[in-house]
1. Can you report the number of residues in region 74-113 which are on the phi > 0 side of the Ramachandran plot and either among the hydroxyl-bearing types (Ser, Thr, Tyr) or within 13 Å of the ligand (Cβ to nearest atom) (or both)?
2. Give the residues of region 31-47 that are out of contact with any His (no Cβ under 8 Å at 6 or more places or on another chain), in a helix (DSSP H, G or I) and not aromatic (Phe, Trp, Tyr), sorted by residue number.
3. Go through Val140, Val173, Val162 for me and flag whichever is touching a Cys at 6+ places or on another chain (Cβ under 7 Å) and either assigned to a loop (DSSP other than H, G, I, E, B) or within 23 Å of Tyr21 (Cβ to Cβ) (or both).
4. Of everything in region 147-196 that's of a type in the set (Ser, Thr, Tyr) and touching a helix residue (DSSP H, G or I) at 6+ places or on another chain (Cβ under 8 Å), which residue is nearest to Gly131 (Cα to Cα)?
5. Quick one: Thr71 ticks every box in (1) of a type in the set (Val, Ile, Thr); (2) more than 15 Å from the chain's Cα centre (by Cα); (3) within 14 Å of the ligand (Cβ to nearest atom) except a single one, so which number is it?
6. Quick check, is Leu54 within 26 Å of Ser194 (Cα to Cα), within 12 Å of the ligand (Cβ to nearest atom), at pLDDT 95 or above and of a type in the set (A, V, I, L, M)?
7. For residues that are in contact with a Phe, Trp or Tyr (Cβ under 7 Å, 6 or more places away or on another chain) and not hydrophobic (A, V, I, L, M, F, W, C), scanning just region 160-193, find the one that is surrounded by the most Cβ atoms within 10 Å (Cβ to Cβ).
8. Among the residues of region 1-46, which ones are free of Cβ contacts under 8 Å to residues at least 40 places away in the same chain, within 11 Å of the ligand (Cβ to nearest atom) and within 16 Å of the chain's Cα centre (by Cα)?
Amino acid sequence: MSSDWNDYADGWDGNSDVRLYANRAFAALDAFAGITGGGWHDKRVLDFGCGTGLLSGKLAPHVQEVAAVDTSERMIAVLAGKALPNVRALHADILDGRGAGEGLRGFDLICASSVCSFLPDYPGAVAQLAGLLNSGGLFVQWDWLARDRGGSGLTVQQVRDVLHQAGLDGIRVEQVFEMGSGGQAMPVLMGTGSRK
Ligand SMILES: C[S@@+](CC[C@H](N)C(=O)[O-])C[C@H]1O[C@@H](n2cnc3c(N)ncnc32)[C@H](O)[C@@H]1O
């Protein structure tokens, strides 16, 4: 498997598992936060590690704006090619220590779908992202559930600890769905917390 996300960009949307993951993540978010219920039309969203924007595209019709950010130039090129209304596609590393760019703060919701377990400094990233939320704003992540530390993915306790260290409130971490791969069930967790 390549370590460069650019190599996956062209085939990303053609992968039915990737599309199913995004559908299930959005369904879990909607059940939790009522995104499709009409109360989010004036809200701003950051889709961190957006890839080709599968989740951004589902969120966009229900919110004011989605800033969709990814460090992979090719992923962002695929998303930009979709020209989704309400979605601002940005090739940027907002964790590079130079601070988030213009307009990249004051979010009501930050989503990170299948991103956090790939980050070299997951705790540092969540602490920075939490600082981009409005008071009461929600951070949501989805990742493969690891049973033990050291396995691929994240454990429930690891996510709880990191969201807590980032100063988030009302933290919930639970398995929300599972994917099947080669006959093997792969559970996915959703972690949520809000800025005080
Ligand atoms: C498994 S893909 C998930 C893509 C998308 N969220 C989805 O669910 O289809 C992980 C994505 O995270 C992005 N990524 C990794 N590190 C990142 C960082 N520091 N900032 C922004 N994006 C990052 C990768 O480029 C890649 O597009």
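The values are calculated or read from the model by the stated rules, or taken from the named source; none is laboratory data. Here the structure is a predicted model, which means the values were calculated and not measured. Quick reminder, even Gly has a Cβ in these numbers, built from the backbone with ideal geometry, and neighbours come from all protein chains shown.
1. Within region 74-113, residues that are on the phi > 0 side of the Ramachandran plot and either among the hydroxyl-bearing types (Ser, Thr, Tyr) or within 13 Å of the ligand (Cβ to nearest atom) (or both) number 1.
2. Ala31, Ala33, Gly37
3. Result of the check over Val140, Val173, Val162: Val140.
4. Looking at the filtered set, the residue picked out is Thr192.
5. Just one mismatch for Thr71, condition (2).
6. Criteria met by Leu54.
7. Per the stated criteria, the residue is Gly193.
8. Val18, Arg19, Asn23, Phe26
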